[in-house]
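> The structure is given below, and queries will be raised subsequently.
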Amino acid sequence: MKKVLFGLGFLILLGSCKKEAGEGGNSAIQGKILERRYTVFPSIFTDKPARDKDVFIIYGDDNTSIDDRTRTSFDGTYKFEFLRKGKYKIFVYTEDTVLTNFGNDKEIIIQTEITKNRSEVNLPTVTTVNL
């Protein structure tokens, strides 16, 4: 009987722990990346799906380290699955077009939150630059 009560108490204690943002849930974050390409002559640009581009995720508000990475599909879409409720930062690198930083990369960051279980968060389309 003591073993049953101990086991039951342990399960109640384990279930009462607050779970932070991250893996282990049943929600997802998804979006799409476009790549803007410039041509010098004639001076035009075209937007095409960013294929095989790295997309990163950071779990939680205070975390600054990269927690996971995925790559975009042939149509520029990406998806992070099996996430718990919480706050997330999604980011992708793009070329910096400011003349003083020309040729360097900068990040485009989207902050989002999963507020309920079994949900999918659809992020706005992001356009990166490829010179």
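> Looking at region 55-68, I want the residues that are farther than 10 Å from Ile90 by Cα and have a partner that is surrounded by fewer than 17 Cβ atoms within 10 Å (Cβ to Cβ) with Cβ atoms under 7 Å, at least 6 apart or on another chain. Which pairs are those?
That search, which allows pairs on different chains as well, returns Gly60/Glu20.
> Evaluate region 122-129: report whether one residue or more is under 10 Å from the mean Cα position of the chain (by Cα) and of a type in the set (Val, Ile, Thr).
no
> Related question: Looking only at residues that are crowded, with 16+ Cβ neighbours inside 10 Å and within 12 Å of the chain's Cα centre (by Cα) in region 80-97, which one is nearest to Glu35 (Cα to Cα)?
The residue in question is Val92.
> Could you give every pair whose Cβ atoms fall below 6 Å, whose first residue belongs to region 69-80 and is β-branched (Val, Ile, Thr), and whose second residue is surrounded by 15 or more Cβ atoms within 10 Å (Cβ to Cβ), counting only separations of at least 6 or pairs across chains?
Thr70/Val55; Thr70/Tyr78; Thr72/Ile33; Thr72/Ala50; Thr72/Lys53; Thr72/Tyr78; Thr77/Lys32
> Would you point out the residue of region 41-77, among those that are farther than 17 Å from Asp105 by Cβ and basic (Lys, Arg), that is surrounded by the most Cβ atoms within 10 Å (Cβ to Cβ)?
Of everything passing the filter in region 41-77, Arg51 is surrounded by the most Cβ atoms within 10 Å (Cβ to Cβ).
For (1) assigned to a strand (DSSP E or B); (2) at pLDDT below 95; (3) polar (S, T, N, Q); (4) touching a strand residue (DSSP E or B) at 6+ places or on another chain (Cβ under 6 Å), each residue gets a yes or a no:
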{"residue": "Gly24", "(1), (2), (3), (4)": "yes, yes, no, no"}
{"residue": "Ile33", "(1), (2), (3), (4)": "yes, no, no, yes"}
{"residue": "Val55", "(1), (2), (3), (4)": "yes, no, no, yes"}
{"residue": "Thr64", "(1), (2), (3), (4)": "no, yes, yes, no"}
{"residue": "Asp75", "(1), (2), (3), (4)": "no, no, no, yes"}
{"residue": "Lys79", "(1), (2), (3), (4)": "yes, no, no, yes"}
{"residue": "Thr94", "(1), (2), (3), (4)": "yes, yes, yes, yes"}
{"residue": "Val121", "(1), (2), (3), (4)": "yes, no, no, yes"}
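> I need a count of the residues in region 35-53 that are more than 23 Å from the chain's Cα centre (by Cα) and in a strand (DSSP E or B).
Count: 6.
The values are calculated or read from the model by the stated rules, or taken from the named source; none is laboratory data. Predicted model, so just to flag it, every value in this text is computed and none were measured. Note: ideal-geometry Cβ built from the backbone for every residue, glycine included; neighbour counts use all protein chains shown.
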